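Below you'll find the structure, written out as structure tokens, and then a few comments.
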């Protein structure tokens, strides 16, 4: 991705966090990036197209680097799973901008079909990453071999959806530490005891 496009997406992130998608204008984006409208429209034909590319960029950026497939023992695999959940939870509990952007995306995916489609693409990639990780864990004897792969993937997805909802709507009721404890308990359930 070139610098101008990256700057546009970065400014979109800041504006989405500060004022939401509806109040964000292409004029504001151009002013903050330091480009004229034709440059913005060179990269994105419409504000909605910019939103869709932003969602893909932001959600992919959040999950890039999470998948690891080089474990040598059960403890390393278990630590990885615990840390993956803890880092995700900590990020959204402590990064107000990311929390606000995620909230905006969740609202927009219910209103704009193209946002929902973009989220589906990102989630499908995440599901495939989780599938590969669980299959590796099973093949190395780190996850119970009789555990249902599809059910486990669904369960992990449901858990993260619940974590998102708790962070976005009920963080006073369910603070970061409790969410991390719940995640760790789940990891204890699926990792083989040595």
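The values are calculated or read from the model by the stated rules, or taken from the named source; none is laboratory data. Note that the coordinates shown come from a computational prediction; the quantities given were computed from them, not determined experimentally. Counting neighbours? That spans all protein chains shown, and the Cβs are built from the backbone with ideal geometry, glycine included.
Yes/no per residue for (1) on the phi > 0 side of the Ramachandran plot; (2) modelled with pLDDT of 85 or more; (3) surrounded by 16 or more Cβ atoms within 10 Å (Cβ to Cβ):
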| residue | (1), (2), (3) |
| --- | --- |
| 124 | no, yes, no |
| 128 | no, yes, no |
| 141 | yes, no, no |
| 145 | no, no, no |
| 158 | no, yes, no |
| 168 | no, no, no |
| 188 | no, yes, no |
| 191 | no, no, yes |
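Identification of helices (runs of 4 or more DSSP H) wholly contained in segment 53-145 with 2 or more residues that are more than 30 Å from residue 42 (Cα to Cα) and free of Cβ contacts under 8 Å to residues at least 12 places away in the same chain yields 74-94, 113-139.
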